[in-house]
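See structure below.
The values are calculated or read from the model by the stated rules, or taken from the named source; none is laboratory data. This one's a predicted model, so the numbers in the text were calculated from it and none came from an experiment. Virtual Cβ from ideal backbone geometry, glycine too; neighbours counted across all protein chains shown. Keep in mind that these areas ignore ligands, DNA and RNA; they rest on the heavy atoms of the full protein, side chains included. Shrake-Rupley method; radii C 1.70, N 1.55, O 1.52, S 1.80 Å.
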Amino acid sequence: MPKGIANKRYTPEFKKQVVEAVIQGGLSYQEAAKIYKVQGHDRIQSWERIYLEEGPEGLAIERRGRRSTGKPKQLASKVEEDLLAEVQRLRAENAYLKNLQALVLERERRQQKKRW
């Protein structure tokens with residue numbers, strides 16, 4: 001069986017036509033692939049998923065290439081400096097509050113010893 005054209009691109013209108021034929025016409029993915037000469041029924045299946053999730057406009061989006069690795073984008077240097085300064089301030093405040101709590105507990109303990 002001959003292979004299809006390598007890296008063939010389909011227009012959004014063509015994809016919409018095929019998907020609507022599957023949905024409304026009751027065609028199976030294999031039948032639609034044969035009729036419209038699309039290589040692989042899994043491609044039509046993915047078009048249908050995109051069509052149902054995003055609508056016909058979703059078929060026009062180019063989806064080639066690797067996906068994002070999810071790495072966070074770098075912050076602007078000013079924003080990063082502000083965040084680091086705030087972290088440093090909060091750490092100092094946290095240490096101060098811990099020391100204050102220790103002093104209060106020590107004072108309470110001394111007062112209880114005096115009562116006995």
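Annotations
- Qualifying residue in the stretch 70-93 (condition: aliphatic (A, V, I, L, M), loosely packed, with under 10 Cβ neighbours inside 10 Å and under 20 Å from the mean Cα position of the chain (by Cα)): no
- Every pair of residues 6+ apart whose Cβ atoms lie under 6 Å, when the first sits in the stretch 1-29 and is hydroxyl-bearing (Ser, Thr, Tyr) while the second is modelled with pLDDT of 90 or more and open to solvent by 50 Å² or more (accessible area, probe 1.4 Å): Tyr29/Gln45
- Candidate set from the stretch 43-69 (those that are assigned to a loop (DSSP other than H, G, I, E, B) and under 30 Å from Gln24 (Cα atoms)); member that is least open to solvent (accessible area, probe 1.4 Å): Gly55
- Taking (1) more than 39 Å from the chain's Cα centre (by Cα); (2) open to solvent by 100 Å² or more (accessible area, probe 1.4 Å) in turn, Leu100 satisfies each apart from (2).
- Pick from the stretch 8-30, criterion within 14 Å of Gln45 (Cβ to Cβ) and polar (S, T, N, Q), ranking: most open to solvent (accessible area, probe 1.4 Å): Gln30
- Among (1) touching a residue at least 24 places away in the same chain (Cβ under 8 Å); (2) open to solvent by less than 90 Å² (accessible area, probe 1.4 Å); (3) not aliphatic (A, V, I, L, M) - the single one Gln39 does not satisfy: (2)
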